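Novice: Here it is, the structure in full.
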Amino acid sequence: MLRYIRIFVALVTFSFLTLYFIDISDELPTWMSAFAKIQFFSALVSGCIGAVVFVLLLTLLTGRLYCSTICPLGIMQDLIAWSSKRLIRKKKYACSRAKTKTRWGFFALFVLAVVCGWGSICCLLEPYSIYGRTMFSVVAPVYETINNLLTWICLNCGIVYFYYVDPTRLLFGTLVAVTLFVVIAYLSFRWGRTWCNVVCPVGTFLGLLSRLALLKIRFDKSKCSQCGLCSTKCKAGCLDGKNQLIDYSRCVDCFNCLGACRQKALYWGAGWGGTQELVPQNGNKESVKEVQTVHEANDAKGAAASGPDPSKREFLGSLVTLAMLSTSVLAEEHSGNTAGKKSADTVSGESRSEATREPYDEHLERRKTPLCPPGAKSQIHLKEHCTGCHLCVAACPSHVLQPSFLEYGLSGMLMPLMRFEKGFCNFDCLLCGEVCPNGAIEPLTIGEKHLIQMGKVHFVRDRCIVYQDGTNCGACSEHCPTQAVTMVPFRGSLTIPEIHPEICVGCGGCESICPVRPDRAIFVEGNLVQIDAEPFKESKKETIKIDNFGF
């Protein structure tokens, strides 16, 4: 029964999150993003104390039940492992030695990345973010391609029901997502929960707490025949049925072993501490701790006889990787974006000082500073909070948000930035802030969104077709919601754009519609720190009263 309840809860969580990522119709309610906001690291970064306390209490009560019912990456691995059992009928798992040094090596790397602000490393290790990128870059394009095929069939049959969507993704983000998905899928297909118990930092931390859990899977020695059948069903490789030992730091509470035991010698019961009392058939009591000490001693002897411990080599490899990454990231951070080191929190008050406004360069010919999503405050704030889950990218209705490559620097890879090649940021859209689970994009009201300045408009007159070809255009002015771009007389009956950067919000409406290629005649230069734009003041129109006709 416990196993079926766990499967039901896991499928509900996984289904809601998956549907939210592949929702091409943008009709799913925003409350479904709450399943993303209860993810442990997302809640920790965003300061959602309630969700953090909930996960910690759940772990202290039930062990790593979070990993098998709430974490979507863990549920995805379970689905892959389940499919492998269907494809390989005689597949059996086996108890394996814990890669303790490797686990804590990855955990130390993750903590160091969080402390130093190396967001790109967090993006590659945080479980929910890996799942989000997998859904957005791997699963969603397949779903969208099928949708386009059905659209083509229906249109040829005279049925107007589906509509075309663009399934394309940026190459870098897709390569990262596909690579991680293939690695995790292979490990899950072959050995079950290997990624969770070796690489995942959240699994390592919760595994440390799960040793103190109240409810655990336990052995009833009076019933156990030491057949080892339970070990063949444990996808975490943490159960040693021959010696009645369970590594609770790796157990994810899947409850598969409970149904596998024919003698009903396994049960989910209460008891404090990381050890359990065993009752041998001779009636003498001995603790699991003593048995485990003997078991670990035998493992150590076997490892000494067989040669060097491979986990030590893996740990050293992790340290070498950490040293290489830290050197490159520190060098990049020292040399790039020094002007943006001012924290966004200092400019998040009711009124932003004029000192925070970057000087406007009228001679700028192409964008040098990328645009953060509205509500991200600054590049520094985005890097400190974003984990690259791409939920905001998937939810963006105009597909303006895209994963970054090196636009934010090495430490900001895979984080969302504004691209205006295929559209612009809708003036009244607030979705990215509503769905962000990490607090990287703070929710805004309509009034705040209308004044938040992500960047400033720039105009290169020599590129404009009005100046070059003597052709009427004015598309940029028509698509500007704040009148930061207006048309003024130029030559004869021609009019040419005139810009007002102080009232521009950086939505990209002018840039997206500009017909000049490859470099647009008008574009938006990003702000390192988002500030308040000057409100548009409509000039008063004087009414002229005419008493009589003029003739």
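The values are calculated or read from the model by the stated rules, or taken from the named source; none is laboratory data. In this text the structure is predicted, and so the values were computed from the model without any measurement. Reconstructed Cβ throughout: ideal geometry from the backbone, glycine too, with neighbour counts over all protein chains shown. We work out accessible area using only protein heavy atoms, side chains counted, and drop any ligands, DNA or RNA first. Shrake-Rupley method; radii C 1.70, N 1.55, O 1.52, S 1.80 Å.
Novice: Of the conditions (1) touching a Lys or Arg at 6+ places or on another chain (Cβ under 6 Å); (2) open to solvent by less than 50 Å² (accessible area, probe 1.4 Å); (3) farther than 25 Å from THR102 by Cβ, CYS230 fails just one. Which one is it?
Specialist: (1)
Novice: Residues in segment 477-495: is at least one open to solvent by less than 10 Å² (accessible area, probe 1.4 Å), in contact with a helix residue (DSSP H, G or I) (Cβ under 9 Å, 6 or more places away or on another chain) and either assigned to a loop (DSSP other than H, G, I, E, B) or without any contact (Cβ under 8 Å) to a residue 12 or more places away in the chain (or both)? Talk me through it step by step, then tell me what you get.
Specialist: Residues of segment 477-495 that are open to solvent by less than 10 Å² (accessible area, probe 1.4 Å), as a first pass: 484-485.
If we keep only those that are in contact with a helix residue (DSSP H, G or I) (Cβ under 9 Å, 6 or more places away or on another chain) as well, we get 484-485.
Next, only the ones that are either assigned to a loop (DSSP other than H, G, I, E, B) or without any contact (Cβ under 8 Å) to a residue 12 or more places away in the chain (or both) stay: 484.
Yes: one or more hits.
Novice: Got at least one residue in segment 5-12 being aromatic (Phe, Trp, Tyr) and touching a residue at least 40 places away in the same chain (Cβ under 8 Å)? Before the answer, list the steps.
Specialist: Of the residues in segment 5-12, the ones aromatic (Phe, Trp, Tyr) are 8.
Now drop any that are not touching a residue at least 40 places away in the same chain (Cβ under 8 Å), which leaves none.
The answer is no; no qualifying residue exists.
Novice: Going through PHE424, PHE420 one at a time, which residue ends up being open to solvent by 10 Å² or more (accessible area, probe 1.4 Å) and aromatic (Phe, Trp, Tyr)? Show your work before the answer.
Specialist: Values: PHE420 fails: open to solvent by 10 Å² or more (accessible area, probe 1.4 Å).
Criteria check complete, one pass: PHE424.
Novice: Considering only residues that are surrounded by fewer than 24 Cβ atoms within 10 Å (Cβ to Cβ) and either of a type in the set (Asp, Glu) or within 26 Å of ILE522 (Cα to Cα) (or both), which ones fall in segment 383-400?
Specialist: GLU384, CYS396, PRO397, SER398, HIS399
Novice: Scan segment 179-189 residue by residue and report those that are surrounded by 15 or more Cβ atoms within 10 Å (Cβ to Cβ) and either of a type in the set (A, V, I, L, M) or under 17 Å from GLN402 (Cβ atoms) (or both). Reasoning before the result, please.
Specialist: Of segment 179-189, the ones surrounded by 15 or more Cβ atoms within 10 Å (Cβ to Cβ) are 180-181, 184-185, 187-189.
LEU180, ILE184, ALA185, LEU187 - these are the residues of segment 179-189 that are surrounded by 15 or more Cβ atoms within 10 Å (Cβ to Cβ) and either of a type in the set (A, V, I, L, M) or under 17 Å from GLN402 (Cβ atoms) (or both).
Novice: Hey, could you check segment 24-40 for residues that are open to solvent by 20 Å² or more (accessible area, probe 1.4 Å) and modelled with pLDDT of 75 or more and say which is farthest from TYR163 (Cα to Cα)? Walk me through how you get there before you give the answer.
Specialist: If we filter segment 24-40 for residues that are open to solvent by 20 Å² or more (accessible area, probe 1.4 Å), which is where we start, we get 24-31, 34-35, 37-38.
Filter once more, so that each one left must be modelled with pLDDT of 75 or more: 34-35, 37-38.
Numbers: ALA34: 28, PHE35: 28, LYS37: 31, ILE38: 33 Å.
The residue in question is ILE38.
Novice: Which of the following residues is open to solvent by 60 Å² or more (accessible area, probe 1.4 Å) and not hydroxyl-bearing (Ser, Thr, Tyr): ILE70, ILE80, ILE75, ILE5? Talk me through it step by step, then tell me what you get.
Specialist: On the way: ILE70 fails: open to solvent by 60 Å² or more (accessible area, probe 1.4 Å); ILE80 fails: open to solvent by 60 Å² or more (accessible area, probe 1.4 Å); ILE75 fails: open to solvent by 60 Å² or more (accessible area, probe 1.4 Å).
The unique qualifying residue is ILE5.
Novice: Right, next: On the given criteria, is VAL45 surrounded by fewer than 19 Cβ atoms within 10 Å (Cβ to Cβ), of a type outside the set (Ser, Thr, Tyr) and assigned to a helix (DSSP H, G or I)?
Specialist: No; evaluated as a whole, the condition is false for this residue.
Novice: May I pose another question? Taking only segment 236-252 into account, find how many residues are assigned to a loop (DSSP other than H, G, I, E, B), touching a Gly at 6+ places or on another chain (Cβ under 9 Å) and either open to solvent by 10 Å² or more (accessible area, probe 1.4 Å) or among the charged types (D, E, K, R) (or both). Reasoning before the result, please.
Specialist: Narrowing segment 236-252 to residues assigned to a loop (DSSP other than H, G, I, E, B): 236-238, 241-244, 247-252.
Narrowing further to those that are touching a Gly at 6+ places or on another chain (Cβ under 9 Å): 236-237, 241-242, 247-252.
Cutting the leftovers down to either open to solvent by 10 Å² or more (accessible area, probe 1.4 Å) or among the charged types (D, E, K, R) (or both) gives us 236, 242, 247-248, 250-251.
Counting residues in segment 236-252 that are assigned to a loop (DSSP other than H, G, I, E, B), touching a Gly at 6+ places or on another chain (Cβ under 9 Å) and either open to solvent by 10 Å² or more (accessible area, probe 1.4 Å) or among the charged types (D, E, K, R) (or both) gives 6.
Novice: Taking segment 341-386 on its own, how many of its residues are among the hydrophobic types (A, V, I, L, M, F, W, C) and modelled with pLDDT under 55? So that I can check it myself, show each step before the final result.
Specialist: Initial filter on segment 341-386 (among the hydrophobic types (A, V, I, L, M, F, W, C)): 344, 347, 355, 364, 371-372, 376, 380, 382, 386.
Now restrict to residues that are modelled with pLDDT under 55: 344, 347, 355.
Residues flagged as among the hydrophobic types (A, V, I, L, M, F, W, C) and modelled with pLDDT under 55 within segment 341-386 amount to 3.
Novice: Sticking with this one: May I ask you to list the residues in segment 253-270 that are crowded, with 23+ Cβ neighbours inside 10 Å and in contact with an Asp or Glu (Cβ under 8 Å, 6 or more places away or on another chain)?
Specialist: Scanning segment 253-270 gives CYS254, LEU266.
Novice: Might you let me know whether segment 209-227 holds any residue that is within 30 Å of PRO141 (Cβ to Cβ), aliphatic (A, V, I, L, M), assigned to a loop (DSSP other than H, G, I, E, B) and modelled with pLDDT of 90 or more? Show your work before the answer.
Specialist: Taking segment 209-227 and keeping what is within 30 Å of PRO141 (Cβ to Cβ), we get none.
Scanning segment 209-227, I find no residue that is within 30 Å of PRO141 (Cβ to Cβ), aliphatic (A, V, I, L, M), assigned to a loop (DSSP other than H, G, I, E, B) and modelled with pLDDT of 90 or more, so the answer is no.
Novice: For ARG211, indicate whether it is in contact with a Gly (Cβ under 7 Å, 6 or more places away or on another chain) and either among the charged types (D, E, K, R) or surrounded by 19 or more Cβ atoms within 10 Å (Cβ to Cβ) (or both).
Specialist: Working: in contact with a Gly (Cβ under 7 Å, 6 or more places away or on another chain): yes; either among the charged types (D, E, K, R) or surrounded by 19 or more Cβ atoms within 10 Å (Cβ to Cβ) (or both): yes.
Yes, satisfied.
Novice: Restricting attention to segment 430-454, which residues are assigned to a loop (DSSP other than H, G, I, E, B) and open to solvent by less than 50 Å² (accessible area, probe 1.4 Å)? Reasoning before the result, please.
Specialist: We begin by selecting, within segment 430-454, every residue assigned to a loop (DSSP other than H, G, I, E, B); these are 430, 436-445, 450-451.
Of everything in segment 430-454, those that are assigned to a loop (DSSP other than H, G, I, E, B) and open to solvent by less than 50 Å² (accessible area, probe 1.4 Å) turn out to be LEU430, CYS436, PRO437, ASN438, GLY439, ALA440, ILE441, LEU444.
Novice: Is there any pair with a first residue in segment 152-175 that is over 23 Å from LEU124 (Cα atoms) and a second that is surrounded by 11 or more Cβ atoms within 10 Å (Cβ to Cβ) and aliphatic (A, V, I, L, M) whose Cβ atoms are under 6 Å apart and which are 6 or more apart or on different chains, and what are they?
Specialist: PHE162/LEU150; VAL165/ILE24
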